[in-house]
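Shown next, in structure tokens, is the structure this report addresses.
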Amino acid sequence: MTAGPAPYPYQDLSPTTRTATIAIWAYLVADTVLGLGLFYHRVLDPTPLPPGLASLVLPLAFLTLCLTVAAFAIVQSWIYQASRNAHALGGDLTITPGWAVGAFWVPLQHIEKPLKAMQETWLASHHGRDWKSHRAPRRLDLWRALWLAVLVAKTLALWVGEKQSVLSGYFYLADVLCNVPLCLLFLSIMRQVSVAQRITHGQVPAAAAAEPRSIGRYRDLGGWTRIATVMVALHMFPPALAAGYFYYHDVLMRTPIDPTMAGFADLLTWWPLLWALATMVVIGCWIYRASVNAHALASGLTIGPGWAVGWFFIPIAHLFKPFDAMKETWLASHHPRDWATRSPPVLLLTWWGLWVAVLSLHNLSGYMFERNYTLATKLAFAEGLLNIPLCLVLIAVVRAVAAAQRRAAA
């Protein structure tokens, strides 16, 4: 279980990190949708599922299982290679790469050994041969605690199963509430370890290695930021009001809309959509201009301004690539000299998590509209409510990036 220094060859961890990032995002989206769906069915609305929705449960569960297995295998591969690199960089680590992975599968050992292996990997990656004189950050303890919480929640949810349907629904909700921060935290850990290993190995960080890209000159974001703030602030309420109106009539009261109010109902249907499209155009322009400024302030950014907007329209990739672009813009704006060694803040992770949740509710509501109108109305109402904190966080992100770019340019 333990070993002295081993002559493992160093291998750049960046490709495995990118693959693991995609796998984790795909797993997180599928697992969250399934977990929230089971919680809703078993706790909030424990009625038989309509045929159209019931037929989706088994395929979604199978897809989630496949993504879980794939993501776990890819993450284990990342841990193995990260540990090999740590042995090459630090030497004298007590846990071998094989045991860093194998400890996850051994009862009782899986509680402590993975944490110790990750601590040694982190320290050797950041401090090389001097790793023993440093302490691992608290975030690794938090990662272990969240991992164990997710493991317990999933086990209890499967063990209770259909015997106590309501209780299992709460376990599925607990799983989602622990799994989302777990995945986001591990994504941050992977990136930090990958970058630290490149620095310790003597590789030049991407921010310093690449030549500045001649994309455009810096322009103050003040005008676009003010317009985007107003548009997003006004976009907070129309979707919630429209969804609330139809939720009240179609779900709570179960009464048809009065014919004299048909014009008002049509207005509530189309006005939020038109305003959302206008807001998307403004935010797209802001993202493009902010990315141009980021390229002017820092070197080595991998996503251009065009793709920073374009990735939003590419299926599957729109679940993670726009976040990568905004992360580069944020980090280059706040830390132009060493942005590649930094991690995204909680504010940015919160914005993206809310955006994916709202997008998922919107797509699911549209899919269920013809199959189960009542359920579609409930999902639309949840989307409208969740849109409010999304807009507030987006405003904070927009203003923070604009202010950081102004300071960097000065």
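The values are calculated or read from the model by the stated rules, or taken from the named source; none is laboratory data. Just so it is clear, the model here is predicted, and its values are computed rather than measured. Don't worry about glycine lacking a Cβ; one is built from the backbone with ideal geometry, like all the others, and counts go over all protein chains shown.
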Task: Tabulated pairs, region 270-291, first without any contact (Cβ under 8 Å) to a residue 24 or more places away in the chain, second buried (at least 16 other Cβ atoms within 10 Å of the Cβ) and in a helix (DSSP H, G or I), C-beta under 6 angstrom, 6+ apart or interchain - done: Tyr288/Pro305; Tyr288/Val309
Task: Residue in region 291-306 that is farthest from the chain's Cα centre (by Cα), counting only those that are at pLDDT below 85 and surrounded by fewer than 21 Cβ atoms within 10 Å (Cβ to Cβ) - done: Ser299
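Could you pull out the residue among Val309, Val282 that is assigned by TED's automatic domain parsing to the domain that holds Ala403, crowded, with 17+ Cβ neighbours inside 10 Å, touching a Gly at 6+ places or on another chain (Cβ under 6 Å) and not in a loop (DSSP other than H, G, I, E, B)?
Val309
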Task: Residues that are surrounded by fewer than 19 Cβ atoms within 10 Å (Cβ to Cβ), among the aliphatic types (A, V, I, L, M) and under 19 Å from Thr350 (Cα atoms), drawn from region 312-333 - done: Ala317
Task: Which numbered condition Gln164 misses (of (1) in contact with a Ser or Thr (Cβ under 6 Å, 6 or more places away or on another chain); (2) at pLDDT below 85; (3) not aliphatic (A, V, I, L, M)) - done: (1)
Open item on the list: Restricting to region 70-85, name every residue that is more than 19 Å from the chain's Cα centre (by Cα) and either among the β-branched types (Val, Ile, Thr) or outside the structural domain of Ala26 (by TED's automatic domain parsing) (or both).
Closed with: Ile79
TODO: Residue by residue through region 1-56, note down the ones that are modelled with pLDDT under 80, in a loop (DSSP other than H, G, I, E, B) and farther than 30 Å from Leu375 by Cα.
DONE: Met1, Ala3, Gly4, Pro5, Ala6, Pro7
Task: Listing of helices (runs of 4 or more DSSP H) fully contained in region 75-187 that carry 3 or more residues being aromatic (Phe, Trp, Tyr) - done: 138-160
Open item on the list: I need a count of the residues in region 334-356 that are crowded, with 18+ Cβ neighbours inside 10 Å and outside any helix (DSSP H, G or I).
Closed with: 2
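Do we have any residue at all in region 355-366 that's of a type in the set (Ser, Thr, Tyr) and either in the same structural domain as Leu44 (by TED's automatic domain parsing) or out of contact with any Ser or Thr (no Cβ under 7 Å at 6 or more places or on another chain) (or both)? Even if it seems obvious, please write down each step before you answer.
Keep residues of region 355-366 that are of a type in the set (Ser, Thr, Tyr), which gives 360, 365.
Now restrict to residues that are either in the same structural domain as Leu44 (by TED's automatic domain parsing) or out of contact with any Ser or Thr (no Cβ under 7 Å at 6 or more places or on another chain) (or both): 360, 365.
Within region 355-366, one or more residues are of a type in the set (Ser, Thr, Tyr) and either in the same structural domain as Leu44 (by TED's automatic domain parsing) or out of contact with any Ser or Thr (no Cβ under 7 Å at 6 or more places or on another chain) (or both).
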